[in-house]
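*Asks:* So that we are looking at the same thing, I have put the structure below in structure tokens.
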Amino acid sequence: MQRFQITQGDLTTMQVDAIVNAANTTLLGGGGVDGAIHRAAGPELLAECRGLNGCETGQAKMTAGYHLPAHFVIHTPGPIWQGGAHDEDRLLAGCYRSSLALAVHAGCRTVAFPSISTGVYRFPIDCAAKIAVATIRQCLAEYRTLERVTMVCFDSHTRSAYERALEESEGRHG
Ligand code: ADP
């Protein structure tokens, strides 16, 4: 089985050690995938998040998964797209890298991501997909205990963008 997978579906149903939340810096819940994760996990998740004191963009913090099938939720605020000259690329790569470092540190072997920053935060999808794929592949090479990382795309347009980015990346690096 490939260690990197792309699938279309609902992140909150994933049976993995950790799912990643495209959070905001308050970590107090929001719309999109963040709202869906909080609804599925139950109010205990928000209670734990209140004690975390927020999180900086590009970094990550971990909580339990409560009523989710996933054991842990890793919360990472993605960058808001502001035209591309505000360090957005580096910060987005930081989200994937910090989340996977935290996951490995906690002993997770399977991790699932949403498409961070490409919803309300308006990061251009092709550019975001390229950064996500490159960073995840680097982390898989580095962290041999990671068995599987899955990108869970909510719609077919997003899935196509990640599939294209993976093909291009494999073409370049094999
Ligand atoms: P951001 O604020 O980082 O842009 P959003 O939640 O607005 O985060 O969007 C990030 C991506 O997550 C979008 O592609 C959106 O369609 C997707 N999304 C929304 N709900 C879910 C879900 N339940 N599972 C997986 N992806 C989801």
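Residues are listed down the side, and each one gets a yes or a no for (1) touching a Gly at 6+ places or on another chain (Cβ under 9 Å); (2) within 11 Å of the ligand (Cβ to nearest atom):
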residue: Ala22; (1), (2): yes, yes
residue: Leu27; (1), (2): yes, no
residue: Gly30; (1), (2): no, yes
residue: Gly35; (1), (2): yes, yes
residue: Asn53; (1), (2): no, no
residue: Thr57; (1), (2): yes, yes
residue: Lys61; (1), (2): yes, no
residue: Ala64; (1), (2): no, no
residue: Phe72; (1), (2): yes, no
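*Asks:* What number goes with the only condition from (1) within 11 Å of the ligand (Cβ to nearest atom); (2) over 20 Å from Ala36 (Cα atoms); (3) acidic (Asp, Glu) that Glu142 does not pass?
*Replies:* Only one criterion is unmet by Glu142, namely (1).
*Asks:* I want to confirm something. Restricting to the stretch 11-43 and keeping residues that are surrounded by 14 or more Cβ atoms within 10 Å (Cβ to Cβ) and charged (D, E, K, R), which single residue is nearest to Cys153 (Cα to Cα)?
*Replies:* Asp34
*Asks:* Using the structure shown, decide if Ala60 is within 28 Å of Glu88 (Cβ to Cβ), among the small types (Gly, Ala, Ser), modelled with pLDDT of 95 or more and crowded, with 21+ Cβ neighbours inside 10 Å. Lay out the reasoning, then the answer.
*Replies:* Working: within 28 Å of Glu88 (Cβ to Cβ): yes; among the small types (Gly, Ala, Ser): yes; modelled with pLDDT of 95 or more: yes; crowded, with 21+ Cβ neighbours inside 10 Å: yes.
Yes: the conditions hold for Ala60.
*Asks:* Starting from the stretch 31-59, take each residue that is at positive phi and list its partners that are at pLDDT 95 or above and surrounded by fewer than 17 Cβ atoms within 10 Å (Cβ to Cβ), counting only C-beta distances under 9 angstrom and pairs at least six apart or across chains.
*Replies:* Once the first residue is at positive phi and sits in the stretch 31-59, its partners that are at pLDDT 95 or above and surrounded by fewer than 17 Cβ atoms within 10 Å (Cβ to Cβ) give Gly32/Val120; Gly42/His67; Gly54/Thr25; Gly54/Thr26; Gly54/Leu28; Gly58/Asp87; Gly58/Arg90.
*Asks:* Further question on the same structure: Can you go through Ala128, Ala161, Ala106 and tell me which one is closer than 14 Å to Ala18 by Cα and at pLDDT 95 or above?
*Replies:* Numbers: Ala128 fails: closer than 14 Å to Ala18 by Cα; Ala161 fails: closer than 14 Å to Ala18 by Cα.
Answer to the check: Ala106.
The values are calculated or read from the model by the stated rules, or taken from the named source; none is laboratory data. As the structure is a computational prediction, the values presented were derived from the model and not from experiment. Virtual Cβ from ideal backbone geometry, glycine too; neighbours counted across all protein chains shown.
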